[in-house]
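Notes for the one structure printed next.
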Amino acid sequence: MNKHQVIENFVTLAIQSGGWMEMDRIYLQNRLMDLINESTFDATQVTKEIPPVAMELVEQFIIIAKENGVLPIEAATNEQSQFVAQLMDFLTPPPSVVNAMFSQHYNDEPQVALDYFYTICLQNHQVEVPSVSRTDELTAPYPLNLKTLSTDLPAKVTITNADYPKCSVCMTNEGYSTQRYPIVEHALRFIRLNLLGDSWFFRFAPVSYQKQQAIFLSEEHSVITRREKLSRMIQLVDVFSSYMIGFDEVADSNLIEKHSYLEGANQLFPIESAKNAELMTLTLFPTVTIRSLIWNQSALSLSSSQPLELLNAMDYVVSKWINDYGLEHQIAIALRKNEEVYTGYIIFTDERLTHARQLVKQGFNGQSNWFDACGAYVLSQATNREVVQSLEQEDSICMNRLDNFITTL
Ligand SMILES: [Zn+2]
């Protein structure tokens with residue numbers, strides 16, 4: 001493909017992404033020529049064709065940029081990713097357009113809106129989906145889902161705290177360019193959410209280990225309480241009804257971020273098919289049904305059609321556990337809305353999630369998140385049978401505790 005055709009095809013992709021119109025074609029051509037230091041565009045050398053995928057064209061641009069001296073032949077990773085980020089921005093409509101399109105689609109069908117935004121994020125490489133294979137050698141009586149990475153671990157966002165943007169979660173990263181993070185954010189976009197009058201944001205996670213993995217955060221750079229997180233989870237599953245959304249309760253000394261956020265994935269989680277070990281109601285919260293689950297970690301599920309009562313019950317159970325036993329390992333908390341019933345999961349994890357070295361940390365912050373506790377694991381490439389066997393075992397630390405604990409509720 002000659003360089004004029006590369007530019008032509010990339011402009012076509014940019015227009016197709018919805019951020020530009022046919023009227024912008026010459027302007028875009030000139031902007032791209034400037035980026036790669038080309039002074040002429042020969043229209044006789046191009047044909048109208050269906051463009052290849054963006055990355056194929058980006059690789060061509062890198063070759064041309066090196067030939068033209070824009071990028072050194074041995075370009076450093078940062079230099080090259082800055083260059084690629086500038087190209088990707090052409091394929092990404094401005095935030096106002098992405099948000100308008102998202103809400104227009106959302107009014108018709110929420111999944112169409114999610115797919116619209118996800119497609120943009122895949123095309124501009126804001127989201128990477130690692131290649132995995134399913135591990136089917138499980139013998140445990142739990143419906144665990146184990147995937148093994150087929151490639152090396154993808155690059156992660158590093159949590160940093162600075163003056164601007166204040167952290168790697170903050171929405172001021174939208175369109176920001178820096179070499180401080182491994183991922184340049186020119187093409188990053190956030191979807192604006194109004195949660196009972198408060199400004200919240202939604203974006204997909206840079207590495208999507210689970211389906212349409214996403215994070216949800218407030219505009220304000222601050223840490224919020226467990227109770228507020230539970231309350232936001234309820235509001236969020238009302239908006240994103242196909243998502244399971246949650247967070248991990250960790251000891252304050254292990255809290256590395258200064259900006260709270262929730263994580264979710266647009267899929268069912270294995271724990272949702274776990275069988276009940278015991279079923280009861282709580283005197284304090286008469287509309288809440290509580291179940292202990294047959295699971296590889298000590299797990300409870302609480303259901304109610306009354307969101308406020310469910311919130312109070314979940315907060316009570318977690319507080320009581322921490323009060324009785326402390327917070328040695330993280331407590332995973334997740335929520336699903338099915339029809340009008342809200343179901344919360346509370347999993348008192350043991351050391352396997354933090355210590356199993358071959359277990360991929362799926363959290364945005366590079367730590368393990370509640371996905372593992374809910375049975376959706378990802379193993380690194382060099383996995384062995386020992387890790388799988390350890391996950392299949394019943395929780396050795398908390399199981400007896402849980403039996404005692406539920407009698408005190
Ligand atoms: Zn922040």
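Some points to look at:
- Each label point was placed 7 Å from the Cα along the Cα-to-Cβ direction; for ILE294 and LYS211 their separation is 2.5 nm.
- Cα gyration tensor shape for region 228-317, rounded if a/c is under 1.5, else prolate or oblate: rounded
- On the basis of the beta-carbon distance and an R0 of 25 Å, ASP24 and GLU79 show a calculated FRET efficiency of 0.35.
- Along the axis of the charge dipole computed for the chain (Cβ charges of +1 for Lys and Arg, -1 for Asp and Glu, origin at the Cα centre), the listed residues ALA43, ASN400, SER303 are led at the positive end by ASN400.
- Seen against the Cα atoms of the chain and their longest principal axis, helix 25-35 is set at about 90 degrees.
- Axis angle, to the nearest 10 degrees, between helix 77-90 and the longest C-alpha principal axis of the chain: 80 degrees.
- C-alpha long axis of helix 54-67 to longest principal axis of the chain, angle in °: 50
- Between THR151 and THR281, the distance separating the two model label sites (each 7 Å from Cα on the Cα→Cβ line) works out to 5.3 nm.
- Taking the chain and dividing mean pair separation by its residue count, relative contact order in percent (alpha carbons under 8 Å, at least six apart): 13
- In the chain, helices alone account for a calculated mean residue ellipticity at 222 nm of -10500 deg cm²/dmol, with every DSSP H run of four or more residues adding -39,500 (n - 2.57).
- Placing +1 on each Lys and Arg Cβ and -1 on each Asp and Glu Cβ, with no other charges, gives region 132-408 a dipole about its Cα centre of roughly 540 debye.
Just so you know, all these numbers are worked out from the coordinates, no wet-lab data involved. Predicted model, so just to flag it, every value in this text is computed and none were measured. FYI the Cβ positions are ideal-geometry reconstructions off the backbone, even for glycines, and counts take in every protein chain you see.
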